[in-house]
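The values are calculated or read from the model by the stated rules, or taken from the named source; none is laboratory data. Since the model is a prediction, treat every value here as computed from it, not as a measurement. A quick note on method: Cβ atoms are made from the backbone with ideal geometry, for glycine too, and the neighbour counts reach across all protein chains shown.
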């Protein structure tokens, strides 16, 4: 028996290994979550596994604050297809989910050879087979615990929101149900992992995850669009990543691919400049205008390829381009963001504290909600 009824605050941690096990595994994951009301948290690479009303958040360095707070309070983690690398576990493994027992399922025996927690239970199995076994077990209803998690999520919904998060949230609100979204590398990837909540359970968010391949967003979108028989696909990129493969606009035009491209443009190489700002006394090297980085006129370039384009002063203007998002033609929408757009929250590797800290009254309120038996 995998699941024991003695736990009162379990979570299901889903990684991209569930997706790799096939659509049957994804559907089994959703069936188990709906049957038991156990909250699903995900890794960054698995964010599209829990969407719509199943969505709470992803864990790790730039994970959603509520997800990491729930992780610190839960008493059982059932991890399926999640590598549990340093960006999820942190530098000191004993601080990972300090109140929880750990059950791990992974098809890679070498990943299982690492011990994350003492006395953890390991299952060397395909995610699909493991989830079938879970579904066959007599697992209780955890609606009360899930409601506590959702209440905490609601309270924290306005915290940590940078302009990039708000832009991504606006984009998500305008997409159809079950869309396919390709995401580039940089701050835009983290903002999408945090805030791109899709309508429906079957949408896909393609990202490179730990590979960090800047420029992958547009090629991902092109491949997805062709694979889907030229159905609309959506691409979210940063100004830096988009320049890495901007010439592929020619492919988009030549092949008549209905790809909708959203550029989150803060005119800096954000992920690197953020490190230079916080850790290197603002010594910006080739990441800002003053340090040798520049951004072209994306609209002029797009139009030169024969693709319609628009420059927006704010993501609030996206409503004016709803027809562009819904039709069957390609487009580029360049959305201006403030240069000082950062990634929050962040877990410190050394202390595993979530920064910036919450207001004391909010922190106490949320902790009381998720710690209630």
Can we say residue 228 is within 21 Å of residue 181 (Cα to Cα), assigned by TED's automatic domain parsing to the domain that holds residue 326 and touching a strand residue (DSSP E or B) at 6+ places or on another chain (Cβ under 9 Å)? yes
Quick test of your reading of the structure: residue 366 fulfils all but one of (1) surrounded by fewer than 19 Cβ atoms within 10 Å (Cβ to Cβ); (2) more than 21 Å from residue 299 (Cβ to Cβ); (3) in contact with a helix residue (DSSP H, G or I) (Cβ under 6 Å, 6 or more places away or on another chain). Name the failing condition by number. (1)
Specify the residue that is nearest to the chain's Cα centre (by Cα); the eligible residues are those in segment 340-373 that are part of a helix (DSSP H, G or I) and without any contact (Cβ under 8 Å) to a residue 60 or more places away in the chain. 363
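Can you find a residue in segment 319-339 that is in contact with a helix residue (DSSP H, G or I) (Cβ under 7 Å, 6 or more places away or on another chain), assigned to a loop (DSSP other than H, G, I, E, B), assigned by TED's automatic domain parsing to the domain that holds residue 235 and modelled with pLDDT under 90?
There is no residue in segment 319-339 that is in contact with a helix residue (DSSP H, G or I) (Cβ under 7 Å, 6 or more places away or on another chain), assigned to a loop (DSSP other than H, G, I, E, B), assigned by TED's automatic domain parsing to the domain that holds residue 235 and modelled with pLDDT under 90.
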How about segment 283-317: which of its residues are farther than 26 Å from residue 250 by Cβ, at pLDDT 95 or above and in contact with a helix residue (DSSP H, G or I) (Cβ under 7 Å, 6 or more places away or on another chain)? 315
Can you confirm whether segment 310-318 contains a residue that is free of Cβ contacts under 8 Å to residues at least 24 places away in the same chain and either closer than 30 Å to residue 7 by Cβ or part of a loop (DSSP other than H, G, I, E, B) (or both)? yes
Is it the case that some residue within segment 222-235 is within 21 Å of the chain's Cα centre (by Cα), more than 19 Å from residue 174 (Cβ to Cβ) and surrounded by fewer than 19 Cβ atoms within 10 Å (Cβ to Cβ)? yes
All but one of (1) surrounded by fewer than 18 Cβ atoms within 10 Å (Cβ to Cβ); (2) closer than 17 Å to residue 295 by Cβ hold for residue 316, so report the exception by its number. (2)
For residue 64, the lone unmet condition from (1) surrounded by fewer than 24 Cβ atoms within 10 Å (Cβ to Cβ); (2) at pLDDT 95 or above; (3) farther than 20 Å from residue 123 by Cα is (1)
Consider residue 194 carefully, then state whether it is farther than 24 Å from residue 327 by Cα, part of a helix (DSSP H, G or I) and in contact with a strand residue (DSSP E or B) (Cβ under 6 Å, 6 or more places away or on another chain). no
Residue that is nearest to residue 244 (Cα to Cα) [pool: residues in segment 147-181 that are crowded, with 23+ Cβ neighbours inside 10 Å and within 12 Å of the chain's Cα centre (by Cα)]: 181
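Restricting to segment 223-251, name every residue that is part of a loop (DSSP other than H, G, I, E, B) and in contact (Cβ under 8 Å) with a residue 60 or more places away in the chain.
Once the filter is applied, which keeps residues that are part of a loop (DSSP other than H, G, I, E, B) and in contact (Cβ under 8 Å) with a residue 60 or more places away in the chain, segment 223-251 yields only 232.
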Strands (runs of 3 or more DSSP E) lying entirely in segment 1-115 (those with 2 or more residues that are within 24 Å of residue 369 (Cα to Cα) and in contact (Cβ under 8 Å) with a residue 40 or more places away in the chain): 10-14, 76-80
Residue satisfying all of: in segment 319-347; within 30 Å of residue 91 (Cβ to Cβ) and in contact with a strand residue (DSSP E or B) (Cβ under 9 Å, 6 or more places away or on another chain); surrounded by the most Cβ atoms within 10 Å (Cβ to Cβ) among these: 345
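Okay, residues lined up against (1) in contact with a strand residue (DSSP E or B) (Cβ under 9 Å, 6 or more places away or on another chain); (2) closer than 20 Å to residue 189 by Cβ; (3) part of a strand (DSSP E or B):
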| residue | (1), (2), (3) |
| --- | --- |
| 253 | no, no, no |
| 257 | yes, no, no |
| 262 | yes, yes, yes |
| 272 | no, yes, no |
| 285 | no, no, no |
| 296 | no, no, no |
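Let's see how each residue does on (1) at pLDDT 95 or above; (2) crowded, with 22+ Cβ neighbours inside 10 Å; (3) out of contact with any helix residue (DSSP H, G or I) (no Cβ under 9 Å at 6 or more places or on another chain); (4) within 30 Å of residue 173 (Cβ to Cβ):
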position	(1), (2), (3), (4)
43	yes, yes, no, yes
46	yes, yes, no, yes
59	yes, yes, no, yes
78	yes, yes, no, no
82	yes, yes, no, yes
89	no, no, no, no
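Residue-wise test of (1) over 26 Å from residue 36 (Cα atoms); (2) more than 25 Å from the chain's Cα centre (by Cα).
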{"residue": "86", "(1), (2)": "yes, no"}
{"residue": "92", "(1), (2)": "yes, no"}
{"residue": "109", "(1), (2)": "yes, yes"}
{"residue": "124", "(1), (2)": "no, yes"}
{"residue": "132", "(1), (2)": "no, yes"}
